[in-house]
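Novice: The structure that follows is given in the form of structure tokens.
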Amino acid sequence: GLCSFFGIIGMPAMENRVTTLDLTTLADDGSGLSIDDIFSGNFTVGFLGTTFDNQLPPTNRRRYEVPIHAVHFPAEGAGPLPSWSDLPFIELVTSHQNTDVTADFVLDTGAQLSLLSSNVAFDLGLDSNNNGTLNDEAIAFQEIGGVGGTINAPVLLFDEVRLPTNEGVELILN
């Protein structure tokens, strides 16, 4: 069915491998899903291609390498411990109204949404009335749950996110 998957694979399977994400099914060049398809309800979504290889796969498409650094969090506890891997972090530049903030973000290829820390949001000037909260500027609230519980996080608009690559090209999301 739509958006179904056949399993979840974690970081230990990607460690010391080349992880390639093929996003061509999302292309808006006539070969993939367009915004008009979504609004008309006349669409099908192909699976995103993901491979874990020992070397870069051949391609005739543009390819960019993103610098990733690992942060080690040791496994703790008694008894048999699960497979464990360092967490991958990437450096992103967030921008809003001519203010840039560079910060480390956890790279989670399975995340359904992106999270911005309150510190980065305040540094970007997203607290436009300077009252110390981001709730007034929220366009909506999103319930986010995890092991530690559930919160209603403010959904905020800002201009763009830039992802530097080793090739000197910035991948821009806006």
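Novice: So if we plug the beta-carbon distance of F141 and S83 into 1/(1 + (r/R0)^6) with R0 = 22 Å, what FRET efficiency do we get, rounded to 0.05?
Specialist: According to the calculation, E is roughly 0.05.
Novice: Keeping all protein chains in position, work out how much accessible area S128 exposes to a 1.4 Å probe, and write it in Å² to the nearest 10.
Specialist: Surface open to solvent at S128 totals about 90 Å².
Novice: Any idea of L156's accessible area? Nearest 10 Å², probe 1.4 Å.
Specialist: Rounded to the nearest 10, that gives 40 Å².
Novice: Before I look further, what does the stretch 55-167 give for accessible area per residue, probe 1.4 Å, in whole square angstrom?
Specialist: About 72 Å² of surface per residue is accessible.
Novice: Counting residues in the stretch 86-174 as N, plug N into 2.2 N^0.38 Å and put the Cα Rg over that result.
Specialist: Normalised by 2.2 N^0.38 Å, the Cα Rg of the stretch 86-174 equals 1.16.
The values are calculated or read from the model by the stated rules, or taken from the named source; none is laboratory data. Computed from a prediction, not measured in an experiment: that's the story for all the values here. Note: ideal-geometry Cβ built from the backbone for every residue, glycine included; neighbour counts use all protein chains shown. Note: areas computed on protein heavy atoms with side chains; ligands, DNA, RNA excluded. Shrake-Rupley method; radii C 1.70, N 1.55, O 1.52, S 1.80 Å.
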